[in-house]
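The values are calculated or read from the model by the stated rules, or taken from the named source; none is laboratory data. The shown structure was predicted, so the numbers you read here are calculated from the model rather than taken from an experiment. Positions of Cβ are generated from backbone atoms using ideal geometry, with glycine treated the same way; all protein chains shown enter the neighbour counts.
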Amino acid sequence: MRAFRATLILIPLLALQNSCAATVSPADCDATEPFAGKVLDVINKGRGHGYLFQLLRVADAHVDQAESAAVYYLVLDVKESDCSVLSRKHWDDCEPALSKRVPEIVIGQCKVIATQCLNDSQHFRVNDYNCTTSSVSSALTNTKDSPVLLDFLEETELYRELANKALEKYKRENGDFAAFRVDRVERVVRARGGERTKYYMDFSVRNCSRSHHFPRHHNALGFCRADLSYDVEVSDLETPEHIAINCEVFNFEPLPGM
């Protein structure tokens, strides 16, 4: 299980809950959903790694309403998309990846405190949030009749060298990527069965050049998807038979904390 937490104002979560306990009342979950969608977009844009959360439903909603503002206490059921948070997309604009890969299924829940100004519904802030996620892929994809066994590997950083090999191939074919390095390995899925063992990897990359020789990607971050194929009998991962990789670059100011 993974956890994501951020505090955007200096008010402890429990203290705020206790101070408002006497006036908090239930809110309609369906009616709250449009506001929850905006809140989730802010949460996504404040994260520095991982995948965009998509809203499944508002599981619970309470509100503490005053004359000029309303404080919402929301519980959001979410799932991970296939879009990196580096893309800066709105979560509703993330389309499923067109790939033969079996997607990893990660679901979670976000507990959020957000304040909305009543005289301007567009003006709000996310005070605090805490998200936890868990992969359910293995339970849903592997059956006794499956011709291919899928391993959704949690210790992704153990496979950094595979990501390095894939990126080196991409750099040989794309000269303006010479200064990029693997930043973080996000997902690793191993597929075993038939005549091949395959590793499907997602990882972020960072331009480490201190010069301006690469103006197109200066101070940029990127996201790569790589497929590495091995003979089924091979145990040495140093020599993949085939590597397919595609990278996308995002040019924007560094996210907070990165």
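Quick one: in region 195-214, of everything that is out of contact with any Phe, Trp or Tyr (no Cβ under 9 Å at 6 or more places or on another chain) and not in a strand (DSSP E or B), which residue is modelled with the highest pLDDT? Here the answer is Glu195. When Arg47 is tested against the conditions (1) charged (D, E, K, R); (2) without any contact (Cβ under 8 Å) to a residue 60 or more places away in the chain; (3) closer than 30 Å to Ala191 by Cβ; (4) buried (at least 16 other Cβ atoms within 10 Å of the Cβ), the lone failure is (2).
Looking only at region 159-179, which residues are among the hydrophobic types (A, V, I, L, M, F, W, C) and at pLDDT 95 or above?
Correct list: Leu162, Ala163, Ala166, Leu167.
Quick check: is even one residue across region 80-97 of a type in the set (A, V, I, L, M) and under 30 Å from Pro147 (Cβ atoms)? Yes: region 80-97 contains one or more residues that are of a type in the set (A, V, I, L, M) and under 30 Å from Pro147 (Cβ atoms). Of all the numbered requirements in (1) touching a residue at least 12 places away in the same chain (Cβ under 8 Å); (2) charged (D, E, K, R); (3) assigned by TED's automatic domain parsing to the domain that holds Ile43, Asp120 misses one, and that requirement is (1).
If you scan region 84-117, which residues turn out to be farther than 18 Å from Glu186 by Cα, in contact (Cβ under 8 Å) with a residue 40 or more places away in the chain and either in a strand (DSSP E or B) or of a type in the set (S, T, N, Q) (or both)? Of everything in region 84-117, those that are farther than 18 Å from Glu186 by Cα, in contact (Cβ under 8 Å) with a residue 40 or more places away in the chain and either in a strand (DSSP E or B) or of a type in the set (S, T, N, Q) (or both) turn out to be Gln109, Cys110, Val112, Ile113, Ala114, Thr115, Gln116, Cys117.
Residues are listed down the side, and each one gets a yes or a no for (1) at pLDDT below 95; (2) of a type in the set (Lys, Arg):
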{"residue": "Lys100", "(1), (2)": "yes, yes"}
{"residue": "Cys110", "(1), (2)": "no, no"}
{"residue": "Ile113", "(1), (2)": "no, no"}
{"residue": "Gln122", "(1), (2)": "yes, no"}
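Determine whether Glu95 is of a type in the set (D, E, K, R) and crowded, with 16+ Cβ neighbours inside 10 Å. So Glu95 does not fit the description; no.
Contact annotation: residue pairs with Cβ atoms under 9 Å, 6 or more positions apart or on different chains, pairing a residue in region 228-246 that is under 13 Å from Lys198 (Cβ atoms) with a partner that is part of a loop (DSSP other than H, G, I, E, B) and among the small types (Gly, Ala, Ser), are Val232/Gly194.
Of everything in region 226-250 that is hydrophobic (A, V, I, L, M, F, W, C) and within 20 Å of Ser204 (Cα to Cα), the residue that is surrounded by the fewest Cβ atoms within 10 Å (Cβ to Cβ) is Ala244.
Selection within region 172-194: residues that are touching a residue at least 24 places away in the same chain (Cβ under 8 Å), of a type outside the set (A, V, I, L, M) and not in a strand (DSSP E or B). The member of this set that is surrounded by the fewest Cβ atoms within 10 Å (Cβ to Cβ) is Gly194. Reported count of residues in region 132-149, each being touching a Gly at 6+ places or on another chain (Cβ under 9 Å) and either among the hydrophobic types (A, V, I, L, M, F, W, C) or part of a loop (DSSP other than H, G, I, E, B) (or both), is 4.
Looking at this structure, is Tyr129 part of a strand (DSSP E or B), outside the structural domain of Arg187 (by TED's automatic domain parsing) and out of contact with any Asp or Glu (no Cβ under 8 Å at 6 or more places or on another chain)? It is true that Tyr129 is part of a strand (DSSP E or B), outside the structural domain of Arg187 (by TED's automatic domain parsing) and out of contact with any Asp or Glu (no Cβ under 8 Å at 6 or more places or on another chain). Of all residues being of a type outside the set (Ser, Thr, Tyr) and more than 27 Å from the chain's Cα centre (by Cα) in region 63-83, which is surrounded by the most Cβ atoms within 10 Å (Cβ to Cβ)? Just the residue, please. The extreme case among them is Asp64.
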